[in-house]
Amino acid sequence: MVTIPEKYLDLVTQKKAFAHLATILSDGSPQVTPVWFDYTNGVVRVNTAKGRVKARTLRDGAKVAMSILDPDNAYRYIQIRGHVSRVSEDGADAHIDSLAMKYLGKNKYPYGQPGDVRVMYEITPDATQVMG
């Protein structure tokens, strides 16, 4: 596991930055989605509902890449390449609510649909690249 360089920890722990998450579709083509995320215990955590594209591409061991642009300086970013190290429905509802607080200032995720099953993914960094 690679650690996030200290000079860039603010991007993953303090700022309200979006990550652009790249995954690979079943036909081998790349797919990129802007996502909410958090960083805890050395892993990046993202969340989605079953049935969405991310849920089909993010599976245990899947390789991913993400770029996180500093919302205050477009010339400063971190790129993280890693792999999905954990997939879980346990705690996923609480996790999306915590992300709603971070990104929207709301206690509860407001966009849920009846029948949604939330899934949380932990991504372990394997390499980083920084600029700025």
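Only the coordinates and a few stated rules stand behind these numbers; no lab work does. What you see is a predicted model, and the numbers here were worked out from it, not measured in a lab. Methodologically, a virtual Cβ is constructed for each residue, glycine included, from the backbone with ideal geometry; neighbour enumeration extends over all protein chains shown.
So the values come out like this:
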item: Förster radius 35 Å - calculated FRET efficiency between Ala74 and Gln31, Cβ distance, rounded to 0.05; result: 0.90
item: Neighbour count of at most 15 Cβ within 10 Å plus DSSP loop: longest trypsin sites (Lys or Arg not before Pro)-free window in the chain; result: 60-105
item: Residue with peak Gaussian network fluctuation, the chain [Cα springs, cutoff 10 Å], from Met101, Met66, Met120; result: Met101
item: From phi via Karplus (6.51, -1.76, 1.60), per-residue ³J(HN,Hα) for segment 121-132 in Hz, x at Gly/Pro; result: 10, 9, 10, 8, x, 9, 7, 10, 9, 10, 8, x
item: Computed lengthening from Met131 to Met1, 0.36 nm per intervening residue step minus Cα-Cα distance; result: 44.8 nm
item: Sparse-neighbour loop sites [chymotrypsin sites (Phe, Trp or Tyr not before Pro); segment 61-132; at most 16 other C-beta within 10 Å; DSSP]; result: Tyr111
item: Residues Leu25, Leu11, Leu104, sorted so that the one with the fewest Cβ neighbours within 10 Å comes first; result: Leu25, Leu104, Leu11
item: Selection from Asn41, Gly112, Leu21 lying farthest towards where the dipole of segment 6-131 points positive, charges on Cβ; result: Gly112
item: Segment 11-57, Rg to Rh (Cα coordinates; Rh as Kirkwood inverse mean 1/r); result: 1.01
item: Pair-distance profile P(r), taking every C-alpha pair of the chain, with 5 angstrom steps and integer %; result: 2, 11, 21, 24, 21, 14, 6, 1, 0
